[in-house]
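Worksheet for the structure shown next.
The values are calculated or read from the model by the stated rules, or taken from the named source; none is laboratory data. Because the structure is a prediction, the values reported are computed rather than measured. No Cβ is skipped: glycine too gets one built from the backbone with ideal geometry, and neighbour counts run over all protein chains shown. Remember, those area values only see protein heavy atoms, side chains included, never the ligands or the DNA or RNA. Shrake-Rupley method; radii C 1.70, N 1.55, O 1.52, S 1.80 Å.
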Amino acid sequence: MTFSREEHLWIPESDLEGMSVDTLAVRAGQIRTGQLEHSDAIFPTSSFVYGSAAQAAARFGGEEPGNIYSRFTNPTVQAFEARIAAMEGGEKAVATASGMAAILSTCMALLQSGDHVICSRGVFGTTNVLFQKYMARFGVETSFVSLTDLDAWRGAVRPETRMLFIETPSNPLCEVADMAALSELSRANDALFVVDNCFCTPVLQRPLEQGADLIIHSATKYLDGQGRCVGGVVVGPAKYLDEIYGFLRSAGPTMSPFNAWVFQKGLETLPIRMRAHCDNALELARWLEGQPQVTRVFYAGLASHPQHELARKQQDGFGGVLSFQVKGEREEAWRFIDATRMISITANLGDVKTTITHPATTTHGRLSPEDKEKAGITENLIRLSVGIEAIDDLKTDLARGFQALKD
Ligand SMILES: Cc1ncc(COP(=O)(O)O)c(C=O)c1O
């Protein structure tokens, strides 16, 4: 008897062409072994064997494709890379040990001493430290500008500018960048346009379609979605990804097979999770706007948000993260946070469990007071990464915070 799929240990890319991100999340990139398992296999091995010394030589020499050593070739990692690349519409992906390792690998592979970077001011605090402290030591200077001020971006360009780096929406203030305009600026100046797509994921926004050259993810966040593993990934065209892969092979900021497997399984539920996060976050943002002890809510889904229309145009949803300011200072923000009982006090985001964070003393705690002020990280600011719990239960827990402010 012959079977129509006999030769297909995986679904060829061409059979999935044109399919939606929901389908790609579940189907793209699976590597099936001879056991014909239905769920994805995991390959926790540091090295691979060869049929002969000649084959080993051919693999090392790049004449024969195949696995060599898990610092740079592992089937589980490759399966995750193929899936996220398909979802983002990128030619290739390189998975890394963390989101920061993804940013570092991109810089190390594609920049050199004397180059200049323009970075949006509202990026994740550690990204700011990486550019400002460490990349500067290797002769790469970075200018920080407001994400939404296009004139400031234009004014910051120098002849040696090689990279524009943004997060959109930004962490924690949910500002939204005009990607088409920044893409145009980067092209006009022969610079790379790099977008950290951590907050939206490919379910809500595909930056490559909007002119980005490279996409960065902290897979630690929504791609996993259940707070289990730390990891990162870069997605984009082969001409850049091959360089990044070369750096990874030499320097080793590699994703482990176990983590890759967790992320691969996480991607399967990403589309339905993202929609649930968006629904809950929008409802909470509206509810928070109506609270007398709240002075401002930052969420692009609100009509009051300055880039609401741009977000509608660029994104398929507004995401699961929002921030708000309570009346008062650090003391009031901390009192609010401490009064919640169910919501987790933790700095991670993108989890199915709602998390609450005081950015000024945690994620952005290493910024100087001036940088915090410029980035809008005030002491009364609280960030919520809204999970998928029942909305009324989230309100009940947050109401404990408001009660504490009244007492
Ligand atoms: C937007 C964004 N990018 C990058 C990172 C860094 O990722 P990781 O913690 O996986 O190194 C984070 C971490 O919180 C983040 O929020």
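FRET efficiency for V49 and R187, Cβ-Cβ distance as r, R0 = 60 Å, nearest 0.05?
0.80
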For the chain, modelled as a Gaussian network with Cα springs under 10 Å, which listed residue fluctuates most, V157, V77, V234?
V157
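Suppose R0 equals 30 Å. What FRET efficiency, 1/(1 + (r/R0)^6) with r the Cβ-Cβ distance, do F258 and R154 give to the nearest 0.05?
Values: r = 45 Å, r/R0 = 1.51.
Taking R0 as 30 Å, the efficiency between F258 and R154 is 0.10.
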Which value in nm describes the separation of the simple spin-label points at S39 and R366, placed 7 Å from the Cα toward the beta carbon?
3.6 nm
At a threshold of 8 angstrom on Cα-Cα distance, excluding pairs fewer than six apart, so keeping six or more, what relative contact order does the chain reach in percent?
16 percent
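Name the GluC sites (Glu not before Pro) in the stretch 19-120 that are in a loop by DSSP and that have at most 10 other C-beta atoms within 10 Å, would you?
Details: sites: E37, E63, E81, E88, E91; in loops: E37, E63, E91.
Filter output for the stretch 19-120: E37, E63.
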Taking +1 at the Cβ of each Lys and Arg and -1 at the Cβ of each Asp and Glu, which of Q112, I84, I42 sits farthest along the dipole of the stretch 1-131 towards its positive end, judged by Cα position relative to the Cα centre?
Q112
Å² per residue, accessible surface of the stretch 327-407 at 1.4 Å:
47 Å²
With x for Gly and Pro, the residue-by-residue ³J(HN,Hα) of the stretch 119-133, computed from phi through the Karplus equation 6.51 cos²θ - 1.76 cosθ + 1.60 at θ = phi - 60° and given in whole Hz, is 10, 6, 5, x, 6, 3, x, 6, 4, 4, 5, 4, 5, 5, 9
Note down the nm distance, to one decimal, between modelled labels 7 Å out along Cα→Cβ at E309 and at A180.
1.2 nm
Once the piece of chain linking R286 and T396 is laid out straight, how much longer is it, given 0.36 nm per residue of separation minus the C-alpha distance between them?
38.1 nm
How big is the dipole moment of the chain about its Cα centre under a simple scheme where the beta carbon of each Lys and Arg is +1, that of each Asp and Glu is -1, and everything else is neutral? Debye, nearest 20, please.
740 debye
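Rounded to whole Å and sorted largest first, what semi-axes of the equivalent ellipsoid does the C-alpha gyration tensor of the chain yield via the square root of 5 times each eigenvalue?
Working: eigenvalues 278, 136, 70 Å².
Working from the Cα gyration tensor, I get semi-axes of 37, 26, 19 Å.
Quick check on my link table: of K92/K221; K327/K395; K133/K327; K265/K353, which ones sit more than 29 Å apart, alpha carbon to alpha carbon? Could the numbers behind the result be given before it?
Values: K92/K221 21 Å; K327/K395 19 Å; K133/K327 34 Å; K265/K353 18 Å.
Cα-Cα > 29 Å for K133/K327; rest within.
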Multiply the residue gap between Q226 and Q403 by 0.36 nm, knock off their C-alpha separation, and tell me the result in nm, one decimal place.
60.8 nm
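Extension gain I31-T126, at 0.36 nm per residue separation less the Cα-Cα distance, in nm? Numbers along the way, then the final one.
Details: separation 95, 0.36 × 95 = 34.20 nm, distance 3.46 nm.
Full-extension gain reported as 30.7 nm.
Using a simple charge model, +1 on the beta-carbon of Lys and Arg, -1 on the beta-carbon of Asp and Glu, nothing else, what dipole does the stretch 262-359 show about its Cα centre, in debye to the nearest 20? Walk me through the intermediate numbers first.
Values: 12 positive and 11 negative charges, 20 e Å.
It works out to roughly 100 debye.
When the accessible area of the chain is computed with all protein chains present and a 1.4 Å probe, what percentage of it is carbon and sulfur?
Heavy-atom surface of the chain belonging to carbon and sulfur, 1.4 Å probe: 52 percent.
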Before rounding to the nearest 500, sum -39500 (n - 2.57) across all DSSP H runs of length at least 4 in the chain and divide by the residue total; then give [θ] at 222 nm in deg cm²/dmol.
-11500 deg cm²/dmol
